[in-house]
1. Please compute the length gained on full extension between LYS55 and CYS41, using 0.36 nm multiplied by the number of residues separating them and subtracting their Cα-Cα distance.
2. Measuring from label point to label point, each 7 Å out along Cα→Cβ, what is the LEU18 to SER89 span in nm?
3. Through the Karplus equation 6.51 cos²θ - 1.76 cosθ + 1.60, θ set to phi - 60°, convert the phi angles of the range 21-29 into ³J(HN,Hα) values in whole Hz; use x for Gly and Pro.
4. Please list 3J(HN,Hα) in residue order for the range 43-50, calculated via the Karplus relation 6.51 cos²θ - 1.76 cosθ + 1.60 where θ = phi - 60°; whole Hz, with x for glycine and proline.
Amino acid sequence: MKTSKVEVIVSVLINIVLPYLIYTILKTHITSIIALSLAACVPLVDTLYHLIKDKKLDTFSSFIFLGIVLSIVAAWIAGDERFILLRESYVTGIMGLVFLLSLLTPKPLIYYFAMRFISNKSVMTKR
């Protein structure tokens, strides 16, 4: 698996820049909760696209996908956009605990995350 600079840049554009632009444009026309939910759909669609295209579940994408879905559901249930904005804090905390617990396994979770971004997979498999 080779990850080029172009792929990383495209990923940043799709998963960070585009949702930010969508939110910024939409928030003046619709409620913040709807604007945030629509902006969060971009990374969801990207994750689903890669899941269908690659026909395999990627650990990194799964974490991102789950975090976004949970935050949208929580925001719609609570009716408050602060839940979407706070998603980063509680998802980061939960992910931190999961990463710490994974240190007890033969291959910690960070190994699988690194596999997505490493330019030469053979370096990681020689362990």
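A short reminder: the numbers here are calculations on the coordinates, not readings from a lab. The structure presented is a predicted model; accordingly, all values stated were derived computationally and were not measured. Cβ placement follows ideal geometry from the backbone for every residue including glycine, while neighbour counts extend to all protein chains displayed.
1. Values: separation 14, 0.36 × 14 = 5.04 nm, distance 2.03 nm.
So the extension gain works out to 3.0 nm.
2. Those two pseudo-labels are separated by 2.9 nm.
3. For the range 21-29, the Karplus curve yields 4, 4, 4, 4, 6, 6, 4, 7, 10 Hz.
4. x, 5, 5, 4, 5, 5, 4, 5
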